[in-house]
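Peer 1: I have a structure I would like to understand better, so I am pasting it below and will then ask my questions one at a time.
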C-alpha cells in the first residue's frame, strides 16, 4: 500500500512537472507571437516533448490557455487585498481599494523586460487580449467570469465608502467599479501593445489614483 502511494505521488509529480513545462513554453510563445499564431506542436517542441505527449496532458492549446488564464486572474488580480468585512469602516475599505490599485499597477509595470517574470506577464496579457478579441470562446468566458467577480468586489468597497460618507451619497458604486476595472485593464492592454509607452502609461495609472482620490469628500472643518 505504502509503495503504491509513493508510486502514485511520483507519477502525479511527474505529470504536474510536465504540465508546468508545457505551460511555461506556451506562455513564452504566446508572448512572442500571440495566441492565434501559436500551435500546440510549437508548444510541445519548445517544452521538449512530442506532440503526442503534449496532447495527453492538454488535448488542445486552448486547454493550456484557459488553465494559465485562470491561474493568472486569480493570482494577479490580488483579490486578497480586496478582502474587507461588510461592517468595515469606510477608511479601511478605501485603503483596500488603494492598495489593490497600487499592487496591480506595479504588476503591469513589469510587462516589458528580459527577465522570466516579464516573459510570463507578456504571455498572460497575450491571452487576455485574445480573450477580449473573441479569439477563443473558452478564454472569453473565463475573462468575463473573472471580470464580473472583480467588479463585484470593487463595487462592494465603493458601497462601503458611500454608506460611510466617504464618497458622495449619490455615487453609483457599480458604475464606479466598472470604470475602475476597465481603466486598469485598458491601460495594461495598451502597455502590452505599445512597449515604448511605458512612462506615459505609468503616468496614466497614477492618474487613476488621482481620480479615485478625487471622489473622496473632504471632511468638514
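Peer 1: Of the residues 130, 141, which single one is part of a helix (DSSP H, G or I), surrounded by 15 or more Cβ atoms within 10 Å (Cβ to Cβ) and either outside the structural domain of residue 34 (by TED's automatic domain parsing) or over 18 Å from the mean Cα position of the chain (by Cα) (or both)? So that I can check it myself, show each step before the final result.
Peer 2: Details: 141 fails: surrounded by 15 or more Cβ atoms within 10 Å (Cβ to Cβ).
When all the criteria are applied, what remains is 130.
Peer 1: Quick one: is residue 158 modelled with pLDDT under 90, assigned to a helix (DSSP H, G or I) and in contact with a helix residue (DSSP H, G or I) (Cβ under 8 Å, 6 or more places away or on another chain)? Give the steps one after another, and end with the answer.
Peer 2: Numbers: modelled with pLDDT under 90: no; assigned to a helix (DSSP H, G or I): yes; in contact with a helix residue (DSSP H, G or I) (Cβ under 8 Å, 6 or more places away or on another chain): yes.
No: the conditions fail for residue 158.
Peer 1: Can you name every residue in the range 168-184 that is assigned to a helix (DSSP H, G or I) and either surrounded by fewer than 18 Cβ atoms within 10 Å (Cβ to Cβ) or touching a strand residue (DSSP E or B) at 6+ places or on another chain (Cβ under 9 Å) (or both)? Full working, then the answer.
Peer 2: Step one: list which residues in the range 168-184 are assigned to a helix (DSSP H, G or I), which gives 173-184.
Within the range 168-184, 173, 174, 175, 176, 178, 179, 182, 183 qualify.
Peer 1: Given (1) crowded, with 19+ Cβ neighbours inside 10 Å; (2) outside the structural domain of residue 187 (by TED's automatic domain parsing), where does residue 41 come up short, assuming only one miss?
Peer 2: Failed condition: (1).
Peer 1: Now, a different point. Kindly indicate which of 127, 157, 176 is touching a residue at least 40 places away in the same chain (Cβ under 8 Å) and within 22 Å of residue 215 (Cβ to Cβ).
Peer 2: Values: 127 fails: within 22 Å of residue 215 (Cβ to Cβ); 176 fails: touching a residue at least 40 places away in the same chain (Cβ under 8 Å).
Sole residue among the options that is touching a residue at least 40 places away in the same chain (Cβ under 8 Å) and within 22 Å of residue 215 (Cβ to Cβ): 157.
Peer 1: Tell me the residue from 65, 130, 135 that is on the phi < 0 side of the Ramachandran plot and modelled with pLDDT of 85 or more, please.
Peer 2: Details: 130 fails: modelled with pLDDT of 85 or more; 135 fails: modelled with pLDDT of 85 or more.
Just one listed residue meets the conditions, 65.
Peer 1: Would you say residue 22 is more than 20 Å from residue 132 (Cβ to Cβ), crowded, with 17+ Cβ neighbours inside 10 Å and at pLDDT below 90?
Peer 2: Values: more than 20 Å from residue 132 (Cβ to Cβ): yes; crowded, with 17+ Cβ neighbours inside 10 Å: yes; at pLDDT below 90: no.
Spelling it out, it is not the case that residue 22 is more than 20 Å from residue 132 (Cβ to Cβ), crowded, with 17+ Cβ neighbours inside 10 Å and at pLDDT below 90.
Peer 1: List, please: which pairs have Cβ atoms under 6 Å, are six or more places apart or on different chains, and start with a residue in the range 131-152 that is closer than 22 Å to residue 97 by Cβ and end with one that is surrounded by 18 or more Cβ atoms within 10 Å (Cβ to Cβ) and modelled with pLDDT of 85 or more?
Peer 2: 150/181; 151/177; 151/181
Peer 1: Name the residues in the range 24-47 that are touching a helix residue (DSSP H, G or I) at 6+ places or on another chain (Cβ under 7 Å) and over 22 Å from residue 193 (Cα atoms), would you?
Peer 2: Selection gives 40, 41, 42, 43, 44, 46, 47.
Peer 1: Can you work out which of the residues in the range 71-84 that are touching a helix residue (DSSP H, G or I) at 6+ places or on another chain (Cβ under 6 Å) and assigned to a helix (DSSP H, G or I) is farthest from residue 24 (Cα to Cα)? It would help to see each step written out before you state the result.
Peer 2: Initial filter on the range 71-84 (touching a helix residue (DSSP H, G or I) at 6+ places or on another chain (Cβ under 6 Å)): 72-73, 76-78, 81-82, 84.
Keeping just the survivors that are assigned to a helix (DSSP H, G or I) gives 72-73, 76, 81-82.
On the way: 72: 13, 73: 16, 76: 17, 81: 27, 82: 28 Å.
Here the residue is 82.
Peer 1: Closer than 27 Å to residue 38 by Cβ, out of contact with any strand residue (DSSP E or B) (no Cβ under 8 Å at 6 or more places or on another chain), in a helix (DSSP H, G or I) and touching a residue at least 24 places away in the same chain (Cβ under 8 Å): is that true of residue 202 in this structure? Full working, then the answer.
Peer 2: On the way: closer than 27 Å to residue 38 by Cβ: no; out of contact with any strand residue (DSSP E or B) (no Cβ under 8 Å at 6 or more places or on another chain): yes; in a helix (DSSP H, G or I): yes; touching a residue at least 24 places away in the same chain (Cβ under 8 Å): yes.
It is false that residue 202 is closer than 27 Å to residue 38 by Cβ, out of contact with any strand residue (DSSP E or B) (no Cβ under 8 Å at 6 or more places or on another chain), in a helix (DSSP H, G or I) and touching a residue at least 24 places away in the same chain (Cβ under 8 Å).
Peer 1: Separate question: Which residue, of 145, 116, 124, is within 30 Å of residue 60 (Cα to Cα) and touching a helix residue (DSSP H, G or I) at 6+ places or on another chain (Cβ under 6 Å)? Walk me through how you get there before you give the answer.
Peer 2: On the way: 145 fails: touching a helix residue (DSSP H, G or I) at 6+ places or on another chain (Cβ under 6 Å); 116 fails: touching a helix residue (DSSP H, G or I) at 6+ places or on another chain (Cβ under 6 Å).
From the options 145, 116, 124, the qualifying one is 124.
The values are calculated or read from the model by the stated rules, or taken from the named source; none is laboratory data. Just so it is clear, the structure is predicted and the values come from calculations on it, not from any experiment. Cβ: placed from backbone, ideal geometry, glycine included. Neighbour counts: every protein chain shown.
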